[in-house]
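Below: the structure, in structure tokens.
All of the numbers you see were taken from the coordinates with simple rules; none came from a lab. Everything numeric here is computed off the predicted structure, so don't read it as measured data. Glycine gets a Cβ as well: all are built from the backbone with ideal geometry, and neighbour counts include every protein chain shown.
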Amino acid sequence: MNPARAIPFLLSLLLCIGTPAAGQNSASPEIPPPSAVNEETPQGELEQTLSRAQSSILFDQHNEDAWLSYYRAMRIAAYGERSREMDPREREGLSEILELMDKHVHGSYAWHVARYLHLEKADEGWNHLSEAAALRPNSPELFPDLLCMNQIRGRFDEAASYAHRIKRAKTFSSAEIEYNLNTLNSIERNGVLVTHGYVDTYPLYVLQYDKGIRRDVRIVSLEWLQSATYRKTVGEWLGVRPESLAGSTTEALQVIFRSDAAVPLYLSLTIPPSDLRRYDSELYCTGLAMKRSATALGNLESLRENWENLFQRKHLTETEPLNRNYLIPLVLLHNHYKSLGKGVQADEIRSLTEKLSGLFGQTQKTTSYLR
């Protein structure tokens, strides 16, 4: 095993988190607010939300929040375990829900949000998002999508304003913000970082716009590539044809990874392990990201310097699901310290690794990689 990489073996430690953080408690005992469920809501809670939403719809077919809660829950249930890809039959079922919403809550805030979500960030959905924002301009659940829309359209002042509003609304936890800060600090200057979804993308923009941190890093969100406008921008950055980015996220990632762009290219650890494995021979961990390189890199020293000088660790041992992704750099860092004869530092990293892996039930698997 190449100690500088060990990527094929360690990928099993990753938890793909490209979606929102765990569901919040409902403010109402009857119907959860629209933001109460998301892609990480436990199955039991998701089923309860569906049941409550269905009951409320039967009681009042014009309850738009119940319809939106129902659509969201069914949409989440349709996703693959580690993928944003959706089976066509599941999508057909969601279309049937939209038809019922057309009949009962057409033109409402919930109807516009569901229509926007159904279009998967395609440019055709921006009008629905704008209409929803006009109906509820202070709805925090829309702020990330409004940031996305304005960023894609090149309206950077507006995107920055929504980054500030996301920060004030405390949409993301302190642990999520810290994780994304450490991700940015895993990237060399003027690098391009490929992200997967929600919680590994929007906090980056909050840090860049609200805090002015690492604005040199360009972010490529695989989730945003449903937008033709965004594909054109990314195509210009990487020197690839925009239409080549229009396939599945796996296909788009392949085009991005094989581009001839002379920019430093990094993949976030939140990208599904099944996709990362395709390129493991050319990936080198520098922290919470992996750098593409066709030739061997001295990445372990970069990893050590990033850890010692740039990483924040205040929330590292909290049970935030993202924190599980620290296990790969920690294992590599421990083994590197051992190879340098730095026993004290190695022992400190081992202790931290064991504590963190214990939080996620990964102790036996993780310690097997420690030399």
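Below is a table of values for the structure above.
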read-out: Two-decimal Rg to Rh for region 133-230 - Kirkwood Rh, Cα set; value: 0.94
read-out: Projected-area average for region 283-371 over all orientations - Cα convex hull basis, square nanometres; value: 5.8
read-out: Distance (nanometres) between label positions extended 7 Å along Cα→Cβ at residue 244 and residue 190; value: 2.2
read-out: Pairwise label distance in nanometres, residue 308 with residue 363, each label 7 Å out on the Cα-Cβ vector; value: 3.0
read-out: Calculated FRET efficiency for the pair residue 347/residue 55, C-beta based, R₀ 56 Å, to 0.05; value: 0.50
read-out: Over region 278-322, relative contact order from alpha-carbon pairs under 8 Å, at least 6 apart, %; value: 28
read-out: Furthest towards positive pole of dipole, 122, 140, 76, structure part region 66-150, Cβ charges; value: 140
read-out: Neighbourhood charge, 13 Å Cβ-Cβ cut-off, centred on residue 357 and excluding it, Lys, Arg +1 and Asp, Glu -1; value: +3
read-out: Order by protection proxy (mean Cβ within 10 Å, highest first), peptides 340-348, 192-200, 135-143, 271-279; value: 192-200, 271-279, 135-143, 340-348
read-out: Net length gained if the chain between residue 127 and residue 260 were fully extended (0.36 nm per residue, minus Cα distance); value: 44.4 nm
